[in-house]
Amino acid sequence: MTTDGRRTSALIGLALALLVPMAAAAAGAQAAKGSLVPKAVAFVRTLAQGDFQAAEADFTAQMKEALQPSKLGEVWQRLISQAGPFEDIGDSKTVVQNGYTTVVVRTDFKSRALGLAVTFDSARRIAGVHFVPPP
């Protein structure tokens, strides 16, 4: 092998040595994001069942203070009065930003669809909930 060939092989080897861990880290981040989708969907199903006490089980301390079960129930009932009965859950979209993962779950009501954005902190606790356009 010539010197140029060895140099090229060394550069390719170095590039692979740097890229493989980066790809693994990216795949790990993707897996971590994806694993919150079932948790977000379970939260929506708990709301739909009217079990607002159970729905707040994964809330952060700040969320428990701001959105107690009775208030959560009021918000959900107001939504049903405006959008009709809850019917189903559709696709979801996950966004990671500033250490938080937000899963937007499509929620279908009788008269319209909405996205329920469930934001998780790094400890996988619910740090925020709000309605957005559906994914």
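The values are calculated or read from the model by the stated rules, or taken from the named source; none is laboratory data. Given the structure is predicted, the values throughout are model-derived calculations rather than measurements. Note that we place each Cβ from the backbone using ideal geometry, even for glycine, and neighbour counts take in every protein chain shown.
To keep it simple, each residue is scored yes or no on (1) modelled with pLDDT under 95; (2) of a type outside the set (F, W, Y); (3) assigned to a helix (DSSP H, G or I).
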| position | (1), (2), (3) |
| --- | --- |
| L72 | yes, yes, yes |
| E87 | no, yes, no |
| T101 | no, yes, no |
| T107 | no, yes, no |
| S111 | no, yes, no |
| G115 | no, yes, no |
| V118 | no, yes, no |
| S122 | yes, yes, no |
| F131 | yes, no, no |
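Condition check ((1) at pLDDT 95 or above; (2) surrounded by 10 or more Cβ atoms within 10 Å (Cβ to Cβ); (3) not assigned by TED's automatic domain parsing to the domain that holds A127) across all residues:
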| residue | (1), (2), (3) |
| --- | --- |
| G5 | no, no, yes |
| S9 | no, yes, yes |
| I12 | no, yes, yes |
| A42 | yes, yes, no |
| R45 | yes, yes, no |
| A57 | no, yes, no |
| T60 | yes, yes, no |
| L67 | no, yes, no |
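All of (1) under 24 Å from D121 (Cβ atoms); (2) touching a strand residue (DSSP E or B) at 6+ places or on another chain (Cβ under 9 Å); (3) among the aliphatic types (A, V, I, L, M) hold for I80 with one exception: (1). In region 116-123 there is at least one residue that is free of Cβ contacts under 8 Å to residues at least 24 places away in the same chain, within 13 Å of V37 (Cα to Cα) and under 12 Å from the mean Cα position of the chain (by Cα).
Are there any pairs with C-beta distances below 8 angstrom linking a residue in region 49-66 that is of a type in the set (D, E) to a residue that is exposed (fewer than 14 other Cβ atoms within 10 Å of the Cβ), with the two at least 6 apart or on different chains, and if so which? Sorted first by the residue in region 49-66, then by its partner, the pairs are D58/R124.
Selection of region 107-123 for residues being surrounded by fewer than 20 Cβ atoms within 10 Å (Cβ to Cβ), in contact with a Leu (Cβ under 9 Å, 6 or more places away or on another chain) and aliphatic (A, V, I, L, M) yields only L114.
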